[in-house]
Amino acid sequence: MSKHLDHETNDANESKKTPMELTKEVDPAKPDTIPKFVDELTIPPVLTPKARDRNKSFYEIEMKAAMHRFHSYFPRTFLWGYEGISPGPTITTMRDEAVVVKWVNKLPLRHFLPIDRTIHGTKDTPEVRTVVHLHGAAVDSDSDGHPDAWFTRGLRATGYKFTSNIYHYTNHQQAATLWYHDHAIGITRLNVYAGLAGFYIIRDRLEPRLNLPSGEYEIPLMIQDKSFNSDGSLFYPSQPPFPTPVNPSVVPAFLGNTIVVNGKVWPHFKVEPRKYRFRILNASNTRSYTLKLSNDQSFYQIGTDGGLMSHPVELKSLNLDPAERADIIIDFSKNYKESITLINDVQDPNTSRVMEFRVMVPLKCKDTSEIPEDLYHVEPIMPEMATRSRFLTLDASTDRFGRPLLLLNNRMWHDPVTEKPRVDSIEIWNLVNLTAFPHPIHLHLVQFQILDRIPFDVAHYNATGKIKYTGDPIPPLANEKGWKDVVRATAGHVTRIISHFKQTGDYVWHCHILEHEDYDMMRPLQVVSGLCTETEDEAPHDSHKTSEFNTFLHLIDDKVMEKILLKIISNLLTPSS
Ligand SMILES: [Cu+2]
């Protein structure tokens, strides 16, 4: 059947069908057959600590396989989750109160998604490896979830960076919406897609004074895209849509054909006519979203990745790249009895819809919450304070099998460390995007600020290795002027960010498109003590001295890459009939 089964578009006959009849007609592999907004939004449960002393909470979190109902008309789906649920349970803590988590791997020994044995960290390692990264947190490197600190079920095998599976989070940072997810080398894309992701919310004593919507009016929303097989199992491609001798092979992008919020495919959420605060996280592998409300109503962004901004920003549309968070307030007070769809501004009839708000619950009591004009003080990091400016390229290349290979600074993950900021130093990173696409770049350990984006002549760069700017610096968008740990490095621009590196240790920085991170758009980040000297001269523009071979690769590969990736994306966006 080709007809959409939306409750909005259902005709009289459709609506008379029993759930059993609908279940038979719904093919999880064909998004056109999946009725939308059927299931109610679920909110991940807040985890209770196993023990608590005055300033510390102890948790033990098991990673387990489980069966999950993504949609009422789907068979149940096999997945992996923290505590056997996806999203995992939410951890909440107060600022400066320590959280200790024992992460326990109780997963099967075989992976259920296709592992590519040619990419970094996968050659002679166990199939199922896990390590947990708390995204956005400033923690000691032993608790950061280094990709090579992985461990298997029962700790039978561990990566070379492993020290312990008991992680200490100090929470010495601004209240913020963080999230925890898997980060194991070479299989992060598969482990996160399998279900290993959850919220981690830091609160503080200042925030309640702002009188923002809270309690049952403060809702976390984890948005992901998934594809399913007809039997309801998760689909993840084992081959890119171009020939390659590698099987299974990593793919350069993954775009699912359904949208999942908090583990439900196209849910609905019944709300009162009042203000709600939504902590939105894009936990998708590759997909970016441009979120809008179907009635074109404005909403207010109050926070970014690292916490509340100085002032709210009124928006009609919000871009969210993988791993980015936006704290927003939607005021439904004038929408009683209306249904409003949270839409994603793309042409596809399915992935253009995210979820539905049904303003049908009578107001329980007067809404006294506010959207204050002044939120937090976000102290700008002054560029004059920077002691170093690094130029770091985002490069498109090809591997020995002819597959696209995306790199940072033309280096592979296992090449020697080159980004070694001194502890307590401030650095400006110039992200020189030579590829045809934007990449969401994430730095561990720090919350940074975006300075600007400056257009430059890519062809000139590829020919000479020199940057020729072609326009004025573009300041960050109003809703990017806060603490960030992911930045959209746009194609053909030098995106400048400024960070203060406050503690030593081995961390990483990478593209947060998980298919890119796994191959091979990730690099070590080592914050060194003031006494250490760098062995490599990293004066600005040094990184531009690409070899002639690499320059040649750039000229070829950007065009090839563009064609390949455009084809992939257009194929994936075309709904199956
Ligand atoms: Cu990328």
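The values are calculated or read from the model by the stated rules, or taken from the named source; none is laboratory data. In this text, all values refer to a predicted model and were calculated from it rather than measured experimentally. Cβ: placed from backbone, ideal geometry, glycine included. Neighbour counts: every protein chain shown.
Pick out the one residue from L477, L434 that is within 16 Å of the ligand (Cβ to nearest atom), assigned by TED's automatic domain parsing to the domain that holds I513 and not charged (D, E, K, R).
L434
May I ask you to say which residue of A463, A478, A459 is under 30 Å from I328 (Cα atoms) and small (G, A, S)?
Result: A478 is the single residue among A463, A478, A459 that is under 30 Å from I328 (Cα atoms) and small (G, A, S).
If you check F228 against the conditions, is it touching a residue at least 60 places away in the same chain (Cβ under 8 Å), outside the structural domain of L406 (by TED's automatic domain parsing), of a type outside the set (D, E) and out of contact with any Ser or Thr (no Cβ under 6 Å at 6 or more places or on another chain)?
Criteria met by F228.
Taking R189, is it of a type outside the set (D, E), surrounded by fewer than 23 Cβ atoms within 10 Å (Cβ to Cβ) and either touching a residue at least 60 places away in the same chain (Cβ under 8 Å) or touching a Leu at 6+ places or on another chain (Cβ under 8 Å) (or both)?
Here the answer is no, as R189 does not meet what is asked.
Within the set of pairs 6 or more residues apart or between chains, which connect a residue that is under 18 Å from E218 (Cβ atoms) inside region 300-318 to a residue that is hydroxyl-bearing (S, T, Y) with Cβ atoms less than 6 Å apart?
L308/Y376; P312/Y300
Where in region 300-415 are there strands (runs of 3 or more DSSP E), lying wholly inside it, with at least 1 residues that are modelled with pLDDT of 95 or more and in the same structural domain as F228 (by TED's automatic domain parsing)?
By residue number, 307-315, 318-320, 325-331, 339-344, 353-359.
Of (1) buried (at least 17 other Cβ atoms within 10 Å of the Cβ); (2) assigned to a loop (DSSP other than H, G, I, E, B), F242 satisfies all except one. Which?
Just one mismatch for F242, condition (1).
Residue-by-condition table, conditions (1) within 29 Å of D305 (Cβ to Cβ); (2) at pLDDT 95 or above; (3) within 16 Å of the ligand (Cβ to nearest atom); (4) in a strand (DSSP E or B):
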residue: A463; (1), (2), (3), (4): no, yes, no, no
residue: I467; (1), (2), (3), (4): yes, yes, no, no
residue: R488; (1), (2), (3), (4): yes, yes, yes, yes
residue: I497; (1), (2), (3), (4): yes, yes, yes, yes
residue: D506; (1), (2), (3), (4): yes, yes, no, yes
residue: T533; (1), (2), (3), (4): no, no, no, no
residue: P540; (1), (2), (3), (4): yes, no, no, no
residue: T546; (1), (2), (3), (4): no, no, no, no
residue: L555; (1), (2), (3), (4): no, no, no, no
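Looking only at region 208-221, count how many residues are over 19 Å from G88 (Cα atoms) and surrounded by 19 or more Cβ atoms within 10 Å (Cβ to Cβ).
Result for region 208-221: 2.
What single numbered condition from (1) under 22 Å from G307 (Cα atoms); (2) surrounded by 19 or more Cβ atoms within 10 Å (Cβ to Cβ); (3) more than 16 Å from the ligand (Cβ to nearest atom) fails to hold for L443?
Against the list (1) under 22 Å from G307 (Cα atoms); (2) surrounded by 19 or more Cβ atoms within 10 Å (Cβ to Cβ); (3) more than 16 Å from the ligand (Cβ to nearest atom), L443 comes up short only on (3).
Among the residues of region 393-408, count how many are surrounded by fewer than 20 Cβ atoms within 10 Å (Cβ to Cβ) and either within 13 Å of P524 (Cα to Cα) or away from the ligand (no atom under 16 Å from the Cβ) (or both).
Number satisfying all stated conditions: 3.
List pairs: first in region 415-426 and under 19 Å from G121 (Cβ atoms), second surrounded by fewer than 18 Cβ atoms within 10 Å (Cβ to Cβ) and hydroxyl-bearing (S, T, Y), Cβ under 9 Å, 6+ apart or cross-chain?
That search, which allows pairs on different chains as well, returns P416/T535.
Need a quick list: strands (runs of 3 or more DSSP E) entirely within region 38-148 having at least 1 residues that are crowded, with 21+ Cβ neighbours inside 10 Å.
The qualifying strands (runs of 3 or more DSSP E) are 56-68, 77-82, 88-94, 98-105, 132-135.
Test each condition in (1) touching a residue at least 12 places away in the same chain (Cβ under 8 Å); (2) away from the ligand (no atom under 16 Å from the Cβ); (3) within 23 Å of V139 (Cβ to Cβ) for E379 and report the one that comes out false.
Of (1) touching a residue at least 12 places away in the same chain (Cβ under 8 Å); (2) away from the ligand (no atom under 16 Å from the Cβ); (3) within 23 Å of V139 (Cβ to Cβ), only one is false for E379: (1).
Where the second residue is surrounded by 22 or more Cβ atoms within 10 Å (Cβ to Cβ) and of a type in the set (F, W, Y) and the first is over 19 Å from D39 (Cβ atoms) and in contact (Cβ under 8 Å) with a residue 60 or more places away in the chain and lies in region 344-356, which pairs have Cβ atoms under 9 Å and are six or more apart or on separate chains?
V346/Y289
Does T418 qualify as being away from the ligand (no atom under 16 Å from the Cβ), touching a Pro at 6+ places or on another chain (Cβ under 6 Å), over 22 Å from N319 (Cβ atoms) and outside the structural domain of Y180 (by TED's automatic domain parsing)?
No: the conditions fail for T418.
If I go through region 149-196 residue by residue, how many of them are of a type in the set (F, W, Y) and assigned to a loop (DSSP other than H, G, I, E, B)?
Qualifying residue count, region 149-196: 3.
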